[in-house]
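First comes the structure, then the notes that go with it.
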Amino acid sequence: MDGSRIPQSPPVLILLGPPGAGKGTQARMMEEQFGLVQLSTGDLLRAAVASGSAAGKAAKSVMEAGGLVSDDIVLAILRDRMAMPDCAKGVILDGFPRTTAQAEALDVLLAETGQQINAAILLEVDDVKMVVRIAGRFTCGACGEGYHDTFKTPKVEGTCDVCGAQQMTRRADDNAKTVMSRLDAYHEQTAPLIAYYADKGVLRRVDAMREIAAIRDAIGALIKSVVA
Ligand code: AMP
């Protein structure tokens with residue numbers, strides 16, 4: 001018996017990579033496989049826009065243009081979500097942090113709760129191909145399962161394989177013009193985080209130009225290696 005063992009704090013994993021790299025798809029699979037909570041600031045912001053809250057109203061036009069929503073709004077939304085009890089299982093951050101200021105704020109937040117980042121997993125992709133990936137994607141509006149016109153079509157057109165609903169939706173910002181702005185925002189404001197997390201010794205790279213299942217297996221093996 002090892003009564004003196006210090007309990008592990010809940011894992012914190014970050015998925016980094018440009019829009020279209022597959023962060024959302026992979027985060028959902030990791031949620032299922034490891035019992036982690038997927039925290040997507042994009043999803044949280046879209047919910048805020050749909051609810052018509054003050055934060056949602058401020059975020060709407062910025063999101064439609066493919067820019068980054070202000071750190072203040074994003075941090076307030078993330079902080080509230082991370083305080084919810086289910087996050088005690090550990091989290092996989094999808095689309096956050098996106099700026100150095102957000103990364104520093106995350107460090108402060110985690111220090112307050114005695115947590116640390118287990119890994120920042122960079123999904124490495126070919127930018128040019130991201131436009132095709134993004135322009136073809138759609139989602140089940142009922143359960144959130146993601147699909148693609150070319151790479152992952154539902155077995156029955158228009159019907160979700162997972163929940164059977166017929167409510168496929170496409171994101172307003174998944175068009176070629178907005179994607180270019182989102183890629184620019186990534187290179188200017190988010191890519192510096194690669195060096196930020198490399199300096200901390202937590203950066204891990206995954207080739208994300210492969211099949212979804214191969215990427216899932218690579219990320220799964222990596223998570224097992226960093227989460228005791
Ligand atoms: P995503 O679903 O991660 O592709 O995010 C969709 C949009 O939400 C982005 O293009 C941004 O406008 C906004 N957004 C999501 N996460 C963040 C963040 N961490 N910081 C700033 N803006 C964000």
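Helix 212-226 axis versus longest C-alpha principal axis of the chain: approximately 10°, rounded to the nearest ten. Ratio of Rg to Rh for the range 41-103: 0.96 [Cα atoms; Kirkwood radius as inverse mean 1/r over pairs]. Would you work out what percent of the accessible area of the range 131-185, with all protein chains in place, is carbon or sulfur (probe 1.4 Å)? Within the range 131-185, the accessible surface is 53 percent carbon and sulfur. Considering only Cα atoms, the convex hull volume of the range 147-228 works out to 146 Å³ per residue. From the largest down, the range 184-228 spans 30, 27, 10 angstrom on the principal axes of its Cα atoms. Ordered from highest to lowest accessible area with the whole protein assembly present and a 1.4 Å probe, 181, 61 read as 61, 181. The label point for residue 180 and the one for residue 128, both projected 7 Å from the Cα toward the Cβ, are 1.6 nm apart. With a simple spin-label model that places each label point 7 Å from the Cα along the Cα-to-Cβ direction, the separation between residue 214 and residue 187 comes to 2.6 nm.
Label zone of residue 170 (point 7 Å out along Cα→Cβ, amide N under 13 Å): in the range 36-74 this covers no residue at all.
Remark: C-alpha extents of the chain on the principal axes read 56, 37, 32 Å, sorted largest to smallest.
Each Lys and Arg adds +1 at its Cβ and each Asp and Glu adds -1 at its Cβ; summed about the Cα centre, the chain shows a dipole of about 260 debye.
List the relative contact order of the chain as a percent without decimals, with contacts defined as Cα pairs under 8 Å and 6+ residues apart.
Working: 321 pairs, mean separation 66.2, N = 228.
Worked out over the chain, it gives 29 percent.
Taking only the alpha carbons of the range 61-155, we obtain Rg and Dmax values of 16.4, 46 Å in that order.
The values are calculated or read from the model by the stated rules, or taken from the named source; none is laboratory data. Since this is a predicted model, take the numbers as computed values, not measurements. Note: ideal-geometry Cβ built from the backbone for every residue, glycine included; neighbour counts use all protein chains shown. These area figures cover heavy atoms from the full protein model, side chains too; ligands, DNA and RNA do not enter into them. Shrake-Rupley method; radii C 1.70, N 1.55, O 1.52, S 1.80 Å.
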